[in-house]
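Structure first, commentary second.
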Amino acid sequence: MSRRVVITGMGIWSCLGTSIEEVKQSLYEGKSGIGVEEERYEYGYQSPLTGIVKTPKLKGLIDRHARRGFSEEAEYAYMASREAFEMAKIDDQYLLDNEVGCIFGNDSSAKPVIESAKIMSEKHDSELLGQSLIFQSMNSTVNMNMSTAFHLRGVNFTISAACASGSHSIGVAYMLIKQGLQDVVLCGGAQETNYYSMASFDALGAFSKRVSEPTKASRPFDRDRDGLIPSGGAAALVLEDYDHAVARGATILAEVCGYGFSSNGTAVISQPSDEGSVIAMSRALKDAGMEPKDIDYINAHATSTHQGDMFEAIALDRMFNGEHALISSTKGMTGHECWMAGASEIVYSLIMMQNNFVAPNINFENPDEYSAKLNLATKTIETEVNTVLSNSFGFGGTNSALVIKKV
């Protein structure tokens, strides 16, 4: 069995906005969501830059007892999932009457782990931890809370794959539906933004220190980039069997038609690879039955690091040199949304597809020898977008690429 897989709902909670409409405006205007969080200096960070994400207000939306088990990233995911289900016209009664799966990308839940350790170090009494920290501290905190909050009874697990987590969650949901194992799956990615979560990244010297110009600090593909900006939030998508969506009268936003993956197999855990990137992209295109000439827009992974952007530029040049596809990294605006990035960038790409524009690769002022060969959109370009390739590459050499198209 091989079924068509479509997207019928999407939701977003990010530094660019907390609704599809807000995010659309930010993308079109090339508006950055990056700022300074002074508490990071106090905590010991080298860089205080981060995506500024609003705290959701769940009171009145979900009861107090259930809220206690929500981690920060689960709160973001809940808001994004509500928006996605609403767009997909899936209400509580539908969720009670039908089996819906849940797969989210998430690779950390640092704050509750650290808070638990502090209590144990100071009080030496596990009874003081209460019952909620365990549900907040597990990597599976997002899908376990979403499955409970929305009474989901289908597939239920987390994909933990570094910065490709969100993309792989969509890819796996796509495969399960394609093979007839599920009809509907809520999938996406979530990333905590508290300062506990990214201290180890900061220790690597991976973050930009362009503190005097926060909105210009994330510079994908630019010659003068000096590191990424941590960010977060959540993105959610409702994936569905095409015939099932048509039968219930759902509005189809796009079709997921290609998923590719690879591992770099390099000796250094943080070493990117142009070869690994090419393999993932090639597999996604083959799965979609497409060639490079068929792609209109590429949402690049490019995080604004020297090595990462360089290797991806080499890979993109190998595959798309001379082709018409426009390329941009929305991380110039968002910073690196880490575990959610692969999912949020599908949402961003869908917004562009629906509104006929390509968002700009902001802060690109000077190319280097690798990015000079790319067909970068350095300003907003109004154009029809029918096909999108979205890349996500993570530590440990995990690579994911997705292809979506208009139906």
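Taking the Cβ of each residue in 301, 306, 124 as the centre, tally the other Cβ atoms inside 10 Å and list the residues starting with the fewest.
Least crowded to most crowded, the residues run 124, 306, 301.
Residue by residue through segment 68-85, which ³J(HN,Hα) values in whole Hz follow from phi under the Karplus form 6.51 cos²θ - 1.76 cosθ + 1.60 (θ = phi - 60°), with glycine and proline marked x?
The phi angles translate into 4, x, 7, 6, 4, 5, 5, 4, 4, 5, 4, 5, 5, 5, 4, 5, 5, 5 Hz.
Using amide H atoms built 1.01 Å from N in the peptide plane, name the residues 5+ places from residue 258, or on other chains, whose amide H lies under 5 Å from its own.
Excluding prolines and chain starts, which carry no amide H, the hits are 403.
To make sure I understand the rule: partners must be aspartates and glutamates, Cα under 16 Å from the Cα of residue 123, and not fewer than 8 residues away in the same chain. Which ones qualify?
Qualifying aspartates and glutamates at Cα under 16 Å: 115.
So what's the net charge close to residue 323: Lys and Arg +1, Asp and Glu -1, counting the other residues with Cβ under 11 Å from its Cβ?
After counting each charged neighbour, the total is -3.
Only counting other Cβ atoms within 10 Å, I'd like 185, 407 sorted with the fewest neighbours first.
Listed from fewest to most nearby Cβ atoms, that is 407, 185.
Provide the per-residue ³J(HN,Hα) series for segment 198-213, in order, calculated from phi with Karplus coefficients 6.51, -1.76, 1.60 and θ = phi - 60°, each as a whole number of Hz, with x at glycine and proline positions.
Running phi through 6.51 cos²θ - 1.76 cosθ + 1.60 with θ = phi - 60° gives 10, 4, 5, 5, 4, 4, 6, x, 7, 9, 4, 10, 7, 5, 6, 9 Hz.
Mind checking which of 366, 391, 106 has the largest fluctuation in a GNM of the chain, springs on alpha carbons under 10 Å?
366
Ordered by residue, what ³J(HN,Hα) values in Hz, to whole numbers, does segment 20-31 give under the Karplus form 6.51 cos²θ - 1.76 cosθ + 1.60, where θ = phi - 60° and Gly and Pro are x?
The phi angles translate into 4, 5, 4, 5, 4, 5, 4, 4, 5, 7, x, 8 Hz.
Hey, got the dipole for segment 147-255? About the Cα centre, +1 on K and R Cβ, -1 on D and E Cβ, debye to the nearest 20?
For this selection, approximately 260 debye.
Under a Cβ-only charge scheme (Lys and Arg +1, Asp and Glu -1), can you give me the dipole magnitude of the chain about the Cα centre, in debye to the nearest 20?
So the dipole magnitude of the chain works out to roughly 240 debye.
Using a 10 angstrom cutoff on alpha carbons, build the Gaussian network for the chain and name the most mobile of 315, 359, 343.
Maximum fluctuation in the GNM of the chain, among the listed residues, is at 315.
Restricting to bridges with both residues inside the chain, how much of the DSSP beta-bridge set is antiparallel, in percent to the nearest 5?
The antiparallel proportion sits near 70 percent.
Pull out the extension gain between residue 22 and residue 247, defined as 0.36 nm times the separation in residues minus the alpha carbon to alpha carbon distance; nm, one decimal.
Full-extension gain reported as 77.9 nm.
Given a Förster radius of 56 Å and the C-beta distance between residue 323 and residue 68 as r, what FRET efficiency does 1/(1 + (r/R0)^6) yield to the nearest 0.05?
FRET efficiency, residue 323 to residue 68: 0.65.
Nearest-5 percent of antiparallel DSSP beta bridges in segment 13-168?
Here the share of antiparallel DSSP bridges comes out near 50 percent.
Got a sec? How would 387, 251 order by Cβ neighbour count within 10 Å, fewest to most?
251, 387
From Cα pairs below 8 angstrom and at least 6 apart in sequence, can you work out the relative contact order of the chain, rounded to a whole percent?
Answer for the chain is 24 percent.
Since every read-out is calculated from the coordinates, none of them should be taken as a lab result. Given the structure is predicted, the values throughout are model-derived calculations rather than measurements. Note that we place each Cβ from the backbone using ideal geometry, even for glycine, and neighbour counts take in every protein chain shown.
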